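Here is the structure we will look at.
The values are calculated or read from the model by the stated rules, or taken from the named source; none is laboratory data. Keep in mind that this is a model prediction, so the values were computed, not measured. Ideal geometry is used to build each Cβ from the backbone, glycine not excepted, and the neighbour counts take in all protein chains shown.
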Amino acid sequence: MNEKNMIIEKFEDLYGIKPQVFIRCPGRVNLIGEHIDYHGYGVFPMAISASTVILAAKNEKNVLEFANVDPKYSPWKSELPCEWSGSSSPKWFDYILCGWKGILDYGGFEQFGMSFLVTGEIPPSSGLSSSSSLVCASALSTLSLLVESPFDFISKEDFAHLCATSEPLIGTLSGGMDQAAEVLAVEGSALKIDFNPLKSKNIQLPDQSIFVVAHSNTELNKGATSHYNERVIEGRIVGEILKKHLKIQTNKMLEIIENVLPTEVNKEEAEKLIGADKLELCLNHNTQHLASFKLLSRARHVFSEAKRVEDFEIACESKNIEEMGKLMNESQKSCALDYECSCDELDDLCSKYISNGAIGARLTGAGWGGCAVALFSSTTSSSKLDKLEPLFVSKPAGGIEFEKLT
Ligand code: ADP
Ligand code: NG1
Ligand code: MG
């Protein structure tokens with residue numbers, strides 16, 4: 001029996017009804033452009049073949065019920081109406097509720113009984129965006145139970161945006177890279193994604209390149225700690241200070257910030273700089289406690305990384321893999337030193353790949369653990385790559401897909 005039939009059988013055993021839809025949503029690896037999507041700067045990810053699958057059906061029991069093939073995620077159930085409106089210490093089912101609520105609110109739909117069975121092969125908390133994969137899969141599962149043709153009802157861009165604005169209900173002040181990559185990807189191409197408005201451009205990776213993803217053997221659940229949100233807040237304070245310099249090009253910004261931004265400020269200094277009311281607005285539930293903010297180094301990362309994404313796109317289009325690798329290495333250095341979102345294990349993993357022939361290597365996703373992505377020349381032998389024990393060699397996968405089963 002193939003994998004799909006096995007999970008269909010599991011669904012029927014569990015709920016005593018037939019699943020109506022089968023949804024698959026990929027994860028993504030970000031090649032470059034880290035921690036800049038939430039400031040509106042372009043990023044360069046690709047979807048990966050590892051994915052999250054949801055089987056879903058309407059039920060007559062008037063309940064929401066979610067189960068997972070992996071026993072470490074306990075089943076969850078709620079009578080309707082379900083009053084859920086977010087979570088500040090997310091459990092696995094909260095990511096599903098983000099997608100569910102996003103769709104109901106968008107379409108003005110009434111709640112209805114639904115049964116979901118989830119299975120996934122994206123290593124969680126590892127920077128390959130298992131969280132958004134689950135959110136997007138849940139949103140499409142809900143929508144496919146409501147309308148005949150989901151992507152006639154809502155464009156893929158609007159759907160990706162809807163998922164991006166729903167995931168923060170679990171408490172991360174995230175940007176829209178992951179949902180866009182996982183929804184808009186086209187098999188065979190990486191994506192250059194721009195925001196406000198959301199736009200994605202399919203980009204062929206040079207034939208001479210191989211991208212390899214490896215795990216650092218550490219993890220961080222971004223919704224469970226304040227690491228991620230702290231960086232977002234520091235960036236928002238920078239944004240308030242820089243407002244008067246708006247419309248200046250990224251490379252000019254790099255000069256300006258050295259003159260106008262303090263290295264670090266305490267709470268009172270931040271209040272003086274941007275106003276107590278603005279600071280209050282910037283902070284959220286898990287950043288209220290912060291006593292100081294690093295500004296200059298965080299801004300230097302954001303503006304230099306935004307420039308590297310532009311340069312990476314040009315290098316990629318001119319098939320200059322040496323330049324692509326150089327930019328990835330600069331990105332890793334900036335993430336480690338200026339943004340402080342790497343960790344010893346990721347630094348060591350990148351160094352190991354570089355000393356074994358990678359042209360470039362960097363953390364991918366939010367960091368503080370999880371995965372790195374390394375660029376090799378296609379002349380590298382597979383036995384050499386195998387010795388480095390990567391998780392997988394990454395080929396650009398397609399985006400989210402659904403199939404009606406009944
Ligand atoms: P990342 O998005 O980098 O993988 P996050 O910390 O943002 O990491 O999200 C990881 C969380 O997403 C997990 O702790 C879990 O709650 C949820 N999750 C991801 N994939 C699954 C899955 N297949 N089944 C259940 N929960 C999942
Ligand atoms: P991961 O590490 O996969 O959860 C997060 C954010 C992205 C982006 C990257 C850093 C979410 C949903 N995803 O990804 O928006 O900011 O970190 O570049 O929070
Ligand atoms: Mg995530």
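One table, with the values for the structure above:
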| item | result |
| --- | --- |
| ASP94 vs. criteria near ligand 1 (Cβ under 8 Å from one of its atoms), out of contact with any Pro (no Cβ under 7 Å at 6 or more places or on another chain), in a helix (DSSP H, G or I) and more than 20 Å from ALA397 (Cβ to Cβ) | yes |
| Any hit, segment 206-214, residues being more than 16 Å from ligand 3 (Cβ to nearest atom) and either aromatic (Phe, Trp, Tyr) or out of contact with any helix residue (DSSP H, G or I) (no Cβ under 8 Å at 6 or more places or on another chain) (or both) | yes |
| Output for segment 97-121, where each listed residue is part of a loop (DSSP other than H, G, I, E, B) and either without any contact (Cβ under 8 Å) to a residue 12 or more places away in the chain or under 24 Å from the mean Cα position of the chain (by Cα) (or both) | GLY108, GLU110, GLU121 |
| The one condition in (1) free of Cβ contacts under 8 Å to residues at least 40 places away in the same chain; (2) on the phi > 0 side of the Ramachandran plot; (3) not polar (S, T, N, Q) that LYS319 fails to fulfil | (1) |
| Number of positions in segment 133-174 that are within 16 Å of ligand 1 (Cβ to nearest atom), closer than 23 Å to ILE32 by Cβ and modelled with pLDDT of 95 or more | 6 |
| Any strands (runs of 3 or more DSSP E) falling wholly within segment 1-70 and containing at least 2 residues that are among the small types (Gly, Ala, Ser) and under 21 Å from the mean Cα position of the chain (by Cα) | 44-58 |
| Tally, over segment 183-229, of residues that are closer than 13 Å to ALA366 by Cβ, surrounded by fewer than 20 Cβ atoms within 10 Å (Cβ to Cβ) and not aliphatic (A, V, I, L, M) | 6 |
| Conditions (1) within 16 Å of ligand 2 (Cβ to nearest atom); (2) crowded, with 23+ Cβ neighbours inside 10 Å; (3) of a type outside the set (Val, Ile, Thr); (4) on the phi < 0 side of the Ramachandran plot; number of the one not met by LEU117 | (1) |
| Residue match in segment 316-330 (condition: surrounded by fewer than 24 Cβ atoms within 10 Å (Cβ to Cβ), polar (S, T, N, Q) and touching a helix residue (DSSP H, G or I) at 6+ places or on another chain (Cβ under 9 Å)) | yes |
| Residues that are in contact (Cβ under 8 Å) with a residue 60 or more places away in the chain, crowded, with 16+ Cβ neighbours inside 10 Å and touching a helix residue (DSSP H, G or I) at 6+ places or on another chain (Cβ under 6 Å), drawn from segment 55-96 | LEU55, ALA56, SER87, PRO90, ASP94, TYR95 |
